Amino acid sequence: MRITHQQATNSVLGNLRQQAEQIRNAQRVASTGKLISRPSDDPQTMTAILDARQLLSSLEQYQRNIDQAGLHLQALGTTLDTVSDFIERARGIASGTGQDPQLQAATAADVALIRDQIIQLANQRLGDNYLFAGHQVDTAPFLDDGAYIGDDGAFRVRVGQAVEVTLQADGATVFVDTEDIFTILENLQTALETGDLGQINTQAASLDRFMEHLQTVRAEIGGARDQMEASRSYLSRFSLNIEKNLADMELADPAAAIMELQTYNTVYEAALSAAANLLQPSLLTFLR
């Protein structure tokens, strides 16, 4: 089959256009540092890049959840540490009054003050949210008489697609249901005022049980914090792996990109020179 001069010309020009496009792509990679800038560059890889970015966004949200929840749990733990200190003081009053009626009456006011301070702690807030109100975080959970008006909503934080940390630390669970600390302190105050040694001993035992319960709650808070820290560590490692894979798909090696551009330029210049010689029409070609 005879190849005409026009066919040869079209073939050479098509090859030059293809090489020029390679140079433009290499220039884009060298200037932007990215292997892919638009979906048409590599649709399959671009899909993988978009999926990786979406996954990273989800992981970042889980990290933010952990950070916010960490502040909440820290506030819970600090508050209950202070409550524990007050309970120790009340327990000391109950065990130290002995048979002295005058001492019992004098310390009754201290117990009343401790009760008021624990109610204030039970109405502690983090920002605008009440810590022990369950889900009704906009309303103080305890009235002045110690009545609980919050709900039993659990504290939950999503730390993974199917992983959730849950802690039951509403005001009723912490302060009322197992041992009603406000009733205990009120009864202790009355017993001190009346000199009822039997009731003083009874309320001292109730304070001991409440302290055991409080230690259990504090241990659960510590467990939730440990669980979230473990999740934080895992998410951090997972994110680093995704970021590395994303960089491998998306970012170019600067040195390799420049070398590739120089190679394409050299090949293109050689192709131009060859095409110039090949496509110069001779008289014989013109006459044909």
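The values are calculated or read from the model by the stated rules, or taken from the named source; none is laboratory data. As the structure is a prediction and not an experimental result, all values here were calculated from the model. FYI the Cβ positions are ideal-geometry reconstructions off the backbone, even for glycines, and counts take in every protein chain you see.
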Is one or more of the residues making up region 171-178 modelled with pLDDT under 95 and assigned by TED's automatic domain parsing to the domain that holds I118?
yes
Can you spot a residue in region 121-133 that is outside any strand (DSSP E or B), at pLDDT below 95 and in the same structural domain as Q168 (by TED's automatic domain parsing)?
yes
Among A154, A172, A219, the single one that is surrounded by fewer than 16 Cβ atoms within 10 Å (Cβ to Cβ), of a type in the set (G, A, S) and closer than 18 Å to I87 by Cα is A219
Number of the exception - A162 against (1) touching a residue at least 60 places away in the same chain (Cβ under 8 Å); (2) surrounded by fewer than 19 Cβ atoms within 10 Å (Cβ to Cβ); (3) aliphatic (A, V, I, L, M):
(1)
Which of the residues that make up region 170-191 are out of contact with any Pro (no Cβ under 8 Å at 6 or more places or on another chain), of a type in the set (D, E, K, R) and touching a residue at least 12 places away in the same chain (Cβ under 8 Å)?
E179, D180, E186
Result of the Cβ filter at 8 Å on region 48-63, keeping first residues that are within 14 Å of G160 (Cα to Cα) and partners that are of a type in the set (F, W, Y), at least 6 apart or interchain, is L59/F238
Residues being more than 12 Å from G146 (Cα to Cα) and crowded, with 16+ Cβ neighbours inside 10 Å - total across region 176-189
5
